[in-house]
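J.: Mind looking over this structure? Questions follow.
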Amino acid sequence: MEVAIGASISGVRALASMKHVGVNVAADPLYTVSYIGVNGGLVLVAADDPGLYSSQNEQDSRAVARAAKVPVLEPADSAEAKEFTKLAFELSETYDTPVIVRTTTRLSHSQGMVELCERQEIPDKEYERNVAKTVMMPGNAKKRHPYVEYRENKMAEDGCSFAINRAEYRDTAIGVITSGIPYQYVREALPHASVLKLGMVNPLPRKLIEEFASRVETLYIVEELDPIIEEQVKSWGIKAVGKEILTVQGEYSANMLREAIGGETLELRAAKEAVARPPILCPGCPHRSTFSVLKKLKLHAAGDIGCYTLGAVAPLSVVDTTICMGASISSLHGMEKARGKEYIKNWVAVIGDSTFMHTGVNSLMNMVYNQGTGTVLILDNSTTGMTGHQDHAATGKTLKGQIVPAIDIEKLCLAMGIENVRVVNAFDTKKLESVLKEETAREAVSVVIVKAPCALLDKTPVKVQAKVNPDLCKKCGLCLKPGCPALTRGADGKTVVNDTMCNGCGLCEQYCNFGAISLVDVRR
Amino acid sequence: MTKNIMIVGVGGQGTLLTSRILGGLAIQAGYDVKLSEVHGMAQRGGSVVTFVRYGEEVAEPIVEEGQADVLIAFERLEALRYAHFLKKDGVIVVNDQRIDPMPVVIGAAEYPENIIENLKQTCRVYEVDAMAEAKRLGNSRVFNLIVLGIAAQHMDYSKDEWMKVIETTVPKKTIEINKAAFEIGYGLHN
């Protein structure tokens with residue numbers, strides 16, 4: 001966000017994209033750039049996650065936008081996503097404001113028909129020094145605040161004639177105010193209803209809403225997550241139905257609206273009982289190896305944001321907390337400050353390399369500076385695994401694949417003055433076990449960098465695979481304990497390896513006490 | 001009339017390629033089309049569902065319960081999980097493969113018996129052991145094209161249209177084997 005703000009101040013259009021929890025991190029500059037405004041157009045794309053497909057909460061970014069007094073556009077399909085982004089830049093420059101384009105997981109993970117147009121080259125704007133506008137010290141900010149209020153009112157008024165705020169009059173017995181993906185559900189479920197489709201959901205075009213409300217018999221407000229539109233509309237004395245019959249949780253659907261608003265009773269097939277298939281760590285995942293050692297040592301782990309959150313569930317069950325990026329280290333530090341050095345000796349913090357580079361570094365500095373003690377495991381798989389293998393500052397490549405010097409995590413920790421920095425191969429379980437025993441006993445800050453690349457990084461065919469010698473297998477099940485999906489028990493109780501899944505990491509071989517599992521060359 | 005297709009399976013089974021083929025077909029035929037695919041937090045191993053809707057004009061990108069014309073399932077348990085999305089006269093095409101979910105692997109739950117027989121009591125079901133067929137063809141990875149070949153018989157495109165899209169969607173080196181896989185499926189259950 002701050003990089004985009006810099007580009008904007010220098011006169012160039014810029015866009016920063018993030019999910020809802022990213023907006024929390026970007027909130028600090030966002031609230032103030034709302035006062036500063038823009039030189040080149042400035043757009044923030046924020047994706048909310050109704051239904052929590054892969055998030056730690058279900059917050060509504062529109063609430064942040066309202067608090068920061070920043071306009072929000074909300075597209076309802078792929079074509080609008082493109083058009084609204086263009087419009088966002090124009091509005092940004094016209095009204096001297098950052099603009100948020102809000103999407104949701106459903107829209108972001110959808111594809112539809114989009115008509116492309118010729119690329120337009122927008123000339124850079126001149127930069128002129130204007131500290132009254134760009135240095136937000138109290139005296140200057142005080143003078144900018146009235147502009148922010150004026151801008152909100154002006155946009156609310158002008159918004160009444162924006163083409164993206166569109167009243168579609170059909171049968172007026174039912175009128176629905178909606179925006180984004182829920183608009184599509186309304187069109188499917190209530191094809192005859194009148195609809196006020198809001199393309200700009202902050203600030204709200206009050207006069208347009210009042211007019212629409214006056215022309216329909218029963219007014220419904222259909223918005224996923226929080227009643228942001230609803231509460232404002234009701235505060236103007238307009239009668240409407242919203243969260244009384246609709247939920248603040250999860251995704252909506254046309255079926256939901258058919259029943260709640262259309263009054264239909266749907267005769268649906270009953271869902272069959274099916275065992276859940278939760279996400280799992282991949283075959284060959286280095287986190288499985290690391291967690292199997294933590295489990296053996298009966299250590300608790302303060303967790304962080306990444307695939308390794310899956311260490312919280314059976315069969316590994318070692319991760320105890322997941323809050324936000326960086327919180328593994330800081331919360332471990334808090335536990336030690338609250339409960340003492342002895343208490344922390346059966347705890348560790350676990351954080352991935354990319355999350356460590358994101359906000360783990362400052363947590364660790366805080367821990368060192370405030371004389372904390374405790375063991376921090378940096379699970380270095382040389383990538384950002386969960387979100388699809390993005391590079392980061394410690395991988396030696398930019399997001400565009402350009403080769404750059406990698407920040408050395410070990411040296412970075414040493415530079416903070418941490419004396420005990422150890423580097424261990426994630427699949428060397430014996431070494432990892434002895435290192436963890438030593439470091440957790442120590443009353444100091446220790447960092448253990450547990451290294452092994454993400455199992456999905458190497459795209460070449462597997463070279464070796466595990467093979468079970470049935471004559472030696474004692475059916476003890478020790479190899480199955482770390483929960484590798486490539487291993488199952490056969491009908492005779494002996495371990496069977498699924499050769500379409502096994503990637504030859506060798507963890508099961510290490511856990512077999514009878515030498516029944518060996519790695520065999522499978523290259524053809 | 002909008003046609004609703006669902007592709008379900010286990011993360012890593014190639015549902016994405018299949019949905020790209022279906023999307024490409026709809027565009028080629030001049031339909032409006034929307035695709036929606038949401039996966040959970042991990043890269044692999046979880047339950048994955050993809051929706052493809054095409055027709056004159058498509059509003060929502062998801063297929064809702066009771067609306068699927070064709071449910072393509074790359075794994076038995078996943079067919080069971082999503083069977084209630086099927087329309088009254090909808091069709092399930094299921095790859096007769098078992099992949100144990102973690103609760104089954106660790107012994108906390110049992111993999112359901114007789115899934116296909118169970119589904120057949122209330123739905124039209126076409127099953128195929130696509131893995132075995134694909135291995136016979138020489139590449140187990142093309143199993144999903146075999147499943148798709150069966151599903152193709154319940155959609156409104158000609159075989160030529162399918163072949164054309166397969167050619168432009170799959171990696172160049174694998175065009176022939178993918179077409180051969182599709183051909184096997186297209187010849188089954190008709």
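J.: Any chance you could run the full-extension gain for A:SER10 through A:TYR147? It's 0.36 nm times the residue separation minus the Cα-Cα distance, nm to one decimal.
T.: Values: separation 137, 0.36 × 137 = 49.32 nm, distance 2.12 nm.
Stretched fully, the A:SER10-A:TYR147 segment lengthens by 47.2 nm.
J.: Which FRET efficiency value, to the nearest 0.05, is calculated for A:TYR369 and A:VAL248 with the Förster distance at 45 angstrom and r the Cβ-Cβ distance?
T.: Values: r = 40 Å, r/R0 = 0.90.
Result of the calculation: an efficiency of 0.65.
J.: If you don't mind, another one. Placing +1 at every Lys and Arg Cβ and -1 at every Asp and Glu Cβ, with all other atoms neutral, what dipole size does the range A:464-521 have around its Cα centre, in debye to the nearest 20? Display every interim value, and only then the final one.
T.: Numbers: 6 positive and 5 negative charges, 53 e Å.
Roughly 260 debye for the range A:464-521.
J.: A:ARG170 versus A:VAL135, label points 7 Å from Cα toward the beta carbon: distance in nm?
T.: Here the modelled spin labels are 5.8 nm apart.
J.: Using Cβ contacts closer than 10 Å as the measure, can you line up A:TYR53, A:TYR35 from fewest to most? Show your work: numbers first, answer last.
T.: Values: A:TYR53 15, A:TYR35 20.
Lowest to highest Cβ neighbour count: A:TYR53, A:TYR35.
J.: What residue among A:VAL445, A:ALA486, A:ALA455 has its Cα farthest toward the positive end of the dipole of the range A:430-495, where the charges are +1 on Lys, Arg and -1 on Asp, Glu, each on the Cβ?
T.: A:ALA486
J.: With runs of 4+ DSSP H residues as the only contributors, calculate the mean residue ellipticity of the protein assembly as shown at 222 nm using -39,500 (n - 2.57) per run, divided by the residue total and rounded to the nearest 500. Let's see the in-between values first.
T.: Details: 25 runs with 244 residues, N = 714.
Using -39500 (n - 2.57) per qualifying helix, the result is -10000 deg cm²/dmol.
J.: Running a GNM on chain B with Cα contacts under 10 Å, which residue among B:ASN118, B:ASN139, B:ASN95 ends up with the highest mean-square fluctuation?
T.: Looking only at B:ASN118, B:ASN139, B:ASN95, the largest GNM fluctuation is found for B:ASN118.
J.: Please compute the modelled spin-label separation between A:ILE122 and A:TRP236, points set 7 Å along Cα→Cβ, answer in nm with one decimal.
T.: Distance between the two pseudo-spin positions: 2.9 nm.
J.: Okay, next question. Simple spin-label model, 7 Å along Cα-to-Cβ: A:THR85 to A:ARG524 in nm?
T.: The answer from the label model is 4.2 nm.
J.: Follow-up question, since we're still on this one. Give the range of the longest stretch in chain A that excludes all GluC sites (Glu not before Pro) found in loop regions by DSSP and having at most 11 other beta-carbon atoms within 10 Å.
T.: Working: sites that count: A:GLU115, A:GLU118, A:GLU121, A:GLU126, A:GLU128, A:GLU217, A:GLU244, A:GLU267, A:GLU273, A:GLU342, A:GLU419.
The longest such stretch corresponds to A:1-114.
J.: What average number of partner chain Cβ atoms lie no more than 10 Å from the Cβ of the residues making up A:106-119? Kindly include the intermediate steps, with their values, before the conclusion.
T.: Numbers: counts 5, 2, 2, 7, 9, 10, 9, 8, 0, 0, 0, 0, 0, 0.
For peptide A:106-119, the averaged partner shielding equals 4.
J.: Then there is this: For B:ILE175 and B:LEU16, what does the FRET efficiency come to when R0 = 22 Å and r is the distance between their Cβ atoms, rounded to the nearest 0.05? Don't skip to the end; give the middle numbers.
T.: Details: r = 18 Å, r/R0 = 0.81.
The computed FRET efficiency comes out at 0.80.
J.: Additional query: Would you mind checking the radius of gyration and Dmax of the range A:165-262 based on alpha-carbon positions, in Å?
T.: 11.9, 31
J.: Could you give the dipole magnitude of the protein assembly as shown about its Cα centre, charging the beta-carbon of Lys and Arg +1 and that of Asp and Glu -1, in debye to the nearest 20?
T.: Values: 79 positive and 86 negative charges, 399 e Å.
Approximately 1920 debye in magnitude.
J.: Moving to a separate point now. Express in % the proportion of alpha carbon pairs of the range A:2-156 at distances exceeding 18 Å. All intermediate terms of the calculation are to be shown ahead of the outcome.
T.: Working: 7013 of 11935 pairs.
Beyond 18 Å sits 59 percent of the P(r) for the range A:2-156.
J.: Any idea what the dipole of the range A:97-251 comes to, in debye rounded to 20, about its Cα centre with Lys/Arg Cβ at +1 and Asp/Glu Cβ at -1? Mind dumping the intermediate values first?
T.: Details: 21 positive and 23 negative charges, 109 e Å.
In total the dipole reaches around 520 debye.
J.: Which residue, chosen from B:GLY149, B:LEU137, B:SER36, occupies the Cα position most advanced towards the positive end of the dipole of chain B, where the dipole is computed from +1 (Lys, Arg) and -1 (Asp, Glu) charges on Cβ about the Cα centre?
T.: B:LEU137
J.: Now, a different point. Listing A:CYS454, A:CYS117, A:CYS505 from the residue with the fewest other Cβ atoms within 10 Å to the one with the most, what is the order?
T.: Working: A:CYS454 23, A:CYS117 8, A:CYS505 26.
Least to most surrounded, the residues fall as A:CYS117, A:CYS454, A:CYS505.
J.: How long is the gain from A:LYS341 to A:ASN57 if the chain were fully straight, where each residue apart is worth 0.36 nm and the alpha carbon distance is subtracted?
T.: Values: separation 284, 0.36 × 284 = 102.24 nm, distance 3.16 nm.
Contour length minus the Cα-Cα distance gives 99.1 nm.
J.: Using only the Cα atoms of the range B:3-186, each taken as one equal point scatterer with no solvent, compute I(q) by the Debye sum, divide by I(0), and report log10 of the ratio at q = 0.08, 0.15 Å⁻¹.
T.: Log10 I(q)/I(0), no solvent term: -0.23, -0.85.
J.: Follow-up. Kindly express, to the nearest 10 degrees and within the range 0 to 90, the angle between helix A:429-441's C-alpha long axis and the longest C-alpha principal axis of chain A.
T.: Rounded to the nearest ten degrees, it is 70.
J.: Please list the equivalent ellipsoid semi-axes of chain A, computed as the square roots of five times the alpha-carbon gyration tensor eigenvalues, in descending order and whole angstrom. Please list the in-between numbers first.
T.: On the way: eigenvalues 471, 194, 89 Å².
Taking √(5λ) for each eigenvalue gives 49, 31, 21 Å, largest first.
J.: Mind computing the radius of gyration and Dmax over the alpha-carbon atoms of the range A:286-451? Å is fine for both.
T.: Calculated on Cα positions, Rg and Dmax stand at 14.7, 46 Å.
J.: Next question, about the same structure. In degrees between 0 and 90, to the nearest 10, how far off the longest principal axis of chain A does helix A:20-36 point, with axes built from Cα atoms?
T.: The helix A:20-36 is inclined about 40 degrees to chain A.
J.: Cross-chain or 8 or more residues apart, Cα under 16 Å: how many lysine pairs in the range A:286-451 fit that? Count them up, please.
T.: 17
J.: Name the residue farthest towards the positive end of the dipole of the range B:3-186 from the options B:VAL49, B:PHE85, B:PRO171, assuming +1 on Cβ of Lys and Arg, -1 on Cβ of Asp and Glu, about the Cα centre.
T.: B:PRO171
J.: Could you compute Rg(Cα) / (2.2 N^0.38 Å) for the range A:395-524, with N its residue count? Provide the component values of the computation, followed by the final result.
T.: Working: Rg = 18.9 Å, N = 130, 2.2 N^0.38 = 14.0 Å.
For the range A:395-524, the normalised Cα radius of gyration comes out at 1.35.
J.: Helix A:286-296 sits at what angle to the longest principal axis of chain A, using alpha carbons and giving 0 to 90 degrees rounded to 10?
T.: Once rounded, the angle reads 60 degrees.
J.: Give me the distance between the Cα centres of the range A:333-384 and the range B:153-185, rounded to whole Å.
T.: Answer, in whole Å: 52.
Bear in mind these aren't lab numbers, they're just calculated from the coordinates by the rules spelled out. Because the structure is predicted, anything quoted here is derived from the model rather than measured. Positions of Cβ are generated from backbone atoms using ideal geometry, with glycine treated the same way; all protein chains shown enter the neighbour counts.
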